[in-house]
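Quick notes on the structure that follows.
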Amino acid sequence: MKLVLARPRIHPAARILLWVGWAVAVEAAAPPVLPLLAVAAATAFLFAPVRTQLLKLLRRTRWLFLVLLLAYAYTLPGTPAWPALGWASPVMEGLQAGGLRVARLALLLAGLAVLLALTERARLLYGLYGLTAPFAALGLDRRAFVVRLGLTLDYVESAPAPARWLDALRAPLPEEAGPSSYPLETERWHARDSAVILAALILVGMLLA
């Protein structure tokens, strides 16, 4: 992996930490606070790249949304939503809990769409490279991790989509060797990165207070 100097920007590790903070806020926020987070996430639709990325993520997870909603609706005890259906009726408490879980997941994806749309993949990989520094003491080879992750993502995007998901499982791995180097731009952590993280922590604290 070859590293080259990049122009000053908000550090990608800070962007990843911001998404982590967003995820914590979404998961820990009380239901009355979720509409405020939804309004904040809706502003992302003003930007075409974010809108495209979010719609792609929502399309890929639509079946997960349905499974979650049905699982909550039919496994939690409560009042039947349609008593005439008898045992086949979902319960109101389950529908409410499932709808809340789906809403939280959609907000998590909205934050992820912003991160993916506004941050180049190479910068994301470098951000992960920086965030995994504490694990180097435990024996993690950060360079190998980032290179393998980058090459895997490149292959996933460039590989032709199989007609069926079973074909994807049976498809052999590519035999050609990967590139000998995977260049990433080095970026320094600046005071503005710390200021952004501090501001995000204050906002999350205010939402959860």
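The values are calculated or read from the model by the stated rules, or taken from the named source; none is laboratory data. Only a predicted model underlies this, so the values are computations on that prediction, with no experimental measurement involved. With ideal geometry, Cβ positions are generated from the backbone for all residues, glycine too; neighbour counts draw on all protein chains shown.
For segment 142-158, the count of residues that are at pLDDT below 85, surrounded by 12 or more Cβ atoms within 10 Å (Cβ to Cβ), of a type in the set (G, A, S) and under 21 Å from the mean Cα position of the chain (by Cα) is at least one.
Residues in segment 35-54 that are surrounded by fewer than 17 Cβ atoms within 10 Å (Cβ to Cβ) and closer than 16 Å to R104 by Cα: P35, L36, A38, V39, A40, A42.
Tallying residues that are surrounded by 14 or more Cβ atoms within 10 Å (Cβ to Cβ) and hydroxyl-bearing (S, T, Y) within segment 55-84 yields 3. Scanning segment 27-80 for residues that are in contact with a strand residue (DSSP E or B) (Cβ under 7 Å, 6 or more places away or on another chain) and either in a helix (DSSP H, G or I) or β-branched (V, I, T) (or both) returns A73, T79. Is there a residue in segment 110-119 that is more than 25 Å from L64 (Cα to Cα), surrounded by 16 or more Cβ atoms within 10 Å (Cβ to Cβ) and modelled with pLDDT of 85 or more? Taking every residue of segment 110-119 in turn, at least one turns out to be more than 25 Å from L64 (Cα to Cα), surrounded by 16 or more Cβ atoms within 10 Å (Cβ to Cβ) and modelled with pLDDT of 85 or more.
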